[in-house]
Amino acid sequence: MGFSTIAIHAGNEPDIATGAVSVPIYQTSTYAQEALGKHKGFEYARTQNPTRSALETNIAALENAKFGFAFASGMSAIDAVLKLVRAGEHVILGDNTYGGTFRLFSKILSNYGVEFDLADTTDIPNLERAFKPNTKMVFVETPTNPVMSVTDLKAVSDLAHANGATVVCDNTFMSPYFQQPLNFGVDIVVHSTTKYLNGHSDSVGGFVALNDEKDAEWIGFVQNGIGAILSPFDSFLVLRGTKTLAVRMDAHDKNGRVVANFLAEHPKVLKVYYPGLVSHPQHELAKRQQSGFGGMVAFETGSLSNAKSVLETVKLCILGESLGGVESLISHPATMTHASVPQETREKLGITDGLVRISVGIEDVEDIIADIDQALK
Ligand SMILES: *Cc1c(COP(=O)(O)O)cnc(C)c1O
C-alpha cells in the first residue's frame, strides 16, 4: 500500500460501537470491568487508551515499524528511549542535535551515571573514534537543526552494529514521508509529533517507533511506569494530522526549495543551509536517503543586528519557536532553540548570532518570499 493510504487507514478503523469514521476521543481515565479480571483489554488509561492505540498503530505503520508508543512530548519520548541505557554505559550523541536533547544529556542524564560524548556523525571515521568499550547507543538527528547537516544512516548503523550499539534517529525534520530510518538499519526512531506529524501547531507530543520486541517491551513498560503518555485529545489531533502528512510535506518541500533558491541568490544573504541546494555539502547523500528536502531553511545574515532586523520586520512569517506547522515560522536559533548549547559549541556548529531559521509553511510561496524580501531590505 502507498504512503497516503497507510496514513489515512492504519489505526483508523471505524468505531466498533457506532461506526464513527473518525476515531473517537476516549476521554476516560478508567474502564468498567465485567467481573474480576474480566475486561475488554482496557483497565486504566495511563496503560491503555483506544485513541492513543489508534495513533500508535498509525505512526508505527508510517515508519515501517512493528511497535509504536506515543508520549506527552518529543523530549519525554527521547527520555524513554534513553531508559534503555544504564549507569556506567556510554552514548555517542550527534554534536548538532536539538538543544533540548543536548540539555537532557548534559544536565539530567549525566546525574544518573549515563556517560556521553558528542561526535560529528556526518564524518564516519570521526564517529568510529568515538566508540568506547561501554558504548551502548548512538543517537543521531538528520538533517540537523538548524544547519541541516545530513548523516549517512546506513553507514552509522553498520558501524554501530559492528560495535554492539543501538542506533536511534530523531526523524522529526523529515517525517516518515521523506525518510524512513528503520529501512537503513536504524533500530529506533523518535519524533516530536509537535512538528510535522501533527502539523498544525496545536499539540505537543512525541513518538517512539521500533522493531525489536525486547526493547519495545521495555519502552512500553517505561511509558506506563513513568506515565508521560499522550492525552486522548492530543492523540486525536495527531491522528487527524497524519492523514494529510503527504500533501502537507509535498507543499512544504515545494515551498522550501523556492525559498532556499531565493535566499541563495539574495545579495544580503551570506550563506544558505538547505540540503536541496547543490551547494550543500551532503546534497548527494540527501538525495539518496531522503525522498524530499522539506521546509526547513536556515540562512546567515552576518550579524545579530541584521538577524534582529529581519526577525522583527517580517509580517507574514511569525516570530516564534517550533516548526513544522502550516504557517511559516521564523526564529533565531542562537537565542531561542539553542540557547542551552554553550556559545563555543554553537559557533563551531555555525549557529552564529546572524543565523536565522525559517520553517517554511504551506502558504502561497509568492507571499512568503515577498515577506522575507521586504524584511531583508
Ligand atoms: C521539537 C523537537 C524536539 C523536542 O520535542 P518536544 O515535542 O518539543 O518535546 C526534539 N527533536 C527535534 C528535532 C525537535 O525539533
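The values are calculated or read from the model by the stated rules, or taken from the named source; none is laboratory data. Note that the coordinates shown come from a computational prediction; the quantities given were computed from them, not determined experimentally. For neighbour counting, all protein chains shown are included, and Cβ atoms are generated from backbone atoms with ideal geometry for every residue, glycine included. For accessibility, only protein heavy atoms count, side chains too; no ligands or nucleic acids. Shrake-Rupley method; radii C 1.70, N 1.55, O 1.52, S 1.80 Å.
On the accessible surface of region 3-243, probed at 1.4 Å, how many percent belong to carbon and sulfur atoms?
Carbon plus sulfur share of accessible area: 54 percent.
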### Task
For helix 245-264, report the angle its Cα long axis makes with the longest principal axis of the Cα atoms of the chain; keep it between 0 and 90° and round to the nearest 10°.
10
### Query
Based on the Cα atoms of region 3-243, what semi-axes does the equivalent ellipsoid have, where each is the square root of 5 times one gyration tensor eigenvalue, given in whole Å with the largest first?
32, 20, 15
### Query
Where Lys and Arg each count +1 and Asp and Glu each count -1, what net charge lies around Glu115 among other residues with Cβ under 14 Å from its Cβ?
+1
### Task
With label points built 7 Å along Cα→Cβ from the Cα atoms of Ser322 and Arg46, find their separation and express it in nm.
2.7
### Task
Count the net charge of all other residues whose Cβ sits under 12 Å from the Cβ of Ile6, scoring Lys and Arg as +1 and Asp and Glu as -1.
0
### Query
Based solely on its DSSP helices, what 222 nm [θ] is calculated for the chain when runs of n ≥ 4 H residues each add -39,500 (n - 2.57) and the sum is averaged over all residues, nearest 500 deg cm²/dmol?
-10500 deg cm²/dmol
### Query
Can you give the charge dipole size of region 3-243 about its Cα centre, rounded to the nearest 20 debye, using +1 on the beta carbon of Lys and Arg and -1 on the beta carbon of Asp and Glu?
460
### Charge sum, other residues only, whose C-beta stays under 13 Å from Pro333's C-beta, Lys/Arg counted +1 and Asp/Glu -1
-2
### Relative packing of peptides 346-352, 83-89 - highest average C-beta neighbours within 10 Å first
346-352, 83-89
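Determine the alpha carbon to alpha carbon distance for each of Lys66/Lys243; Lys271/Lys315; Lys243/Lys287; Lys254/Lys287; Lys268/Lys377; Lys154/Lys287 and list only those over 18 Å.
Lys66/Lys243; Lys271/Lys315; Lys243/Lys287
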#### Entry: Tilt relative to the chain, helix 213-226 - C-alpha long axis, 0 to 90 degrees, to 10
90
### Message
Placing +1 on the Cβ of each Lys and Arg and -1 on the Cβ of each Asp and Glu in the chain, which of Asn58, Gly302, Met75 has its Cα farthest towards the positive end of the resulting dipole?
### Response
Met75
